[in-house]
1. Give the Rg/Rh ratio for the stretch 1-86, taking Rg as the radius of gyration of the Cα atoms and Rh as the Kirkwood radius, to two decimals.
2. How high is the relative contact order of the stretch 32-116, in percent, counting Cα pairs under 8 Å that sit 6 or more residues apart?
3. Roughly what angle does helix 66-82 make with the longest principal axis of the chain, taking Cα atoms, 0 to 90 degrees, to the nearest 10?
4. Percent relative contact order of the stretch 99-204, based on C-alpha pairs within less than 8 angstrom and at least six residues apart?
5. Across the stretch 99-204, what fraction of all alpha-carbon pairs, as a whole percent, falls in each successive 5 Å bin from zero upward?
6. Once both labels are modelled 7 Å past Cα along the beta-carbon direction, what's the residue 109-residue 194 spacing in nm?
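Any read-out appearing in this document is the output of simple, stated calculations on the displayed coordinates, not a laboratory observation. Model, not experiment: these values are computed from the prediction. Don't worry about glycine lacking a Cβ; one is built from the backbone with ideal geometry, like all the others, and counts go over all protein chains shown.
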């Protein structure tokens, strides 16, 4: 079994979905270089195969200026050492506002490939607001999945076509790649124009 952390997962997904603008950095100077091209706030994340749930170890930081970037970058490197993580680097990405949804897929022992859609973010597992469908999915299936969730009322005025397209892309991925045991995109940030992957992980057989 092989686990793709956020960077590896997003490299894989970039052939199918829009990925947030980011850079995996090895030192704070590389992060500062990135910050000069984009506006604050920015986001810093620990990238390690041993820390797939980054928010649970305080491995995600929002920074509003250069001083905060430097201190939080240093803090994340120290945190990785303290927890004895094999660190791939610190990911810096632009901050995107919008509604957070979760999008995923898995190989079910009974039904084969299935796709999941629901309310995303840090409360996804607590709220359990999601809908499931067995692959292959039609556009009608994808729309019904969205409408079945509680988050629908918060996103119905956004670009549903982009969300439907993202669900269908995950459907395509799961059918093309039966070696994927589990695919987790959380969150997918949606607004009036886009649906963008902001964090993801994949478990491969």
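1. Working: Rg = 13.3 Å, Rh = 13.8 Å.
Answer for the stretch 1-86: 0.96.
2. Working: 106 pairs, mean separation 28.1, N = 85.
The value is 33 percent.
3. The answer is roughly 80 degrees.
4. Details: 217 pairs, mean separation 34.7, N = 106.
Reported relative contact order: 33 percent.
5. In order of increasing distance, the bins hold 2, 14, 26, 27, 20, 8, 2, 0 percent.
6. According to this spin-label approximation, the distance is 4.1 nm.
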